[in-house]
Amino acid sequence: MNFHHILLIIHLICATIWVGGHLFLAVRILPKAIREKDINRLQNFKKSYEPFGMPALIILVITGIMMAYDYNVTFGTWFSFSNGIERVVSVKLILLLVTFALALTADRFIFPKLNEKNMHKVGIFIVSVTLIGLAMLVLGSFVRYGGIY
């Protein structure tokens, strides 16, 4: 087993934590919280998931960049869309930036004002981040075939 393969395994485990956690939140926690108008469900999930999910996201970013470098997709070639692997990396980086923007917005503006009347707003953010995570997962699978052409 080579170093790249070890990075891939770590990356996949962290993707499981990140995407799986958001899927669980979007499919199980969010509908009940909205139906019962129970903001504590969302706040409790956030409080218990963040210490596990955020390190997984950080490790995802680090291992993703390291694997990109293994494919000669270095900082200087990001967003050049010059080959299949580079296109996957660039689209995933764009989606990562969108995820960060959504997370920052939710953390600074949505969650502090969360109440029974505006729970749908946090729901939009939760579903968006979940769909972005799924899209990144699918995009990553294209690397095996040489990327997106």
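The values are calculated or read from the model by the stated rules, or taken from the named source; none is laboratory data. All values reported here derive from a predicted model rather than from experimental measurement. A quick note on method: Cβ atoms are made from the backbone with ideal geometry, for glycine too, and the neighbour counts reach across all protein chains shown. Note: areas computed on protein heavy atoms with side chains; ligands, DNA, RNA excluded. Shrake-Rupley method; radii C 1.70, N 1.55, O 1.52, S 1.80 Å.
Worth pointing out:
- Screening residue 70 with (1) open to solvent by 50 Å² or more (accessible area, probe 1.4 Å); (2) touching a helix residue (DSSP H, G or I) at 6+ places or on another chain (Cβ under 8 Å); (3) within 16 Å of residue 132 (Cβ to Cβ); (4) not small (Gly, Ala, Ser) gives one miss only, at (3).
- Total residues in the range 139-149, condition part of a helix (DSSP H, G or I) and open to solvent by 80 Å² or more (accessible area, probe 1.4 Å): 3
- Residue within the range 46-57 that is closer than 25 Å to residue 3 by Cβ and surrounded by 14 or more Cβ atoms within 10 Å (Cβ to Cβ) present: yes
- Residues that are of a type outside the set (S, T, N, Q), in a helix (DSSP H, G or I) and open to solvent by 40 Å² or more (accessible area, probe 1.4 Å), drawn from the range 18-40: 23, 24, 27, 28, 31, 32, 34, 35, 36
Rundown of residues vs (1) open to solvent by 50 Å² or more (accessible area, probe 1.4 Å); (2) in contact (Cβ under 8 Å) with a residue 40 or more places away in the chain, yes/no style:
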site: 62; (1), (2): yes, no
site: 66; (1), (2): yes, yes
site: 81; (1), (2): yes, no
site: 95; (1), (2): no, yes
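Residues checked against (1) within 15 Å of residue 15 (Cβ to Cβ); (2) open to solvent by 50 Å² or more (accessible area, probe 1.4 Å); (3) outside any helix (DSSP H, G or I):
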site: 42; (1), (2), (3): no, no, no
site: 90; (1), (2), (3): no, no, no
site: 99; (1), (2), (3): yes, no, no
site: 109; (1), (2), (3): no, yes, no
site: 126; (1), (2), (3): no, no, no
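- Residue within the range 106-121 that is among the small types (Gly, Ala, Ser) and touching a residue at least 24 places away in the same chain (Cβ under 8 Å) present: no
- Within the range 111-124, the set of residues being touching a helix residue (DSSP H, G or I) at 6+ places or on another chain (Cβ under 8 Å), part of a helix (DSSP H, G or I) and within 17 Å of residue 47 (Cβ to Cβ) comprises 111, 119, 122.
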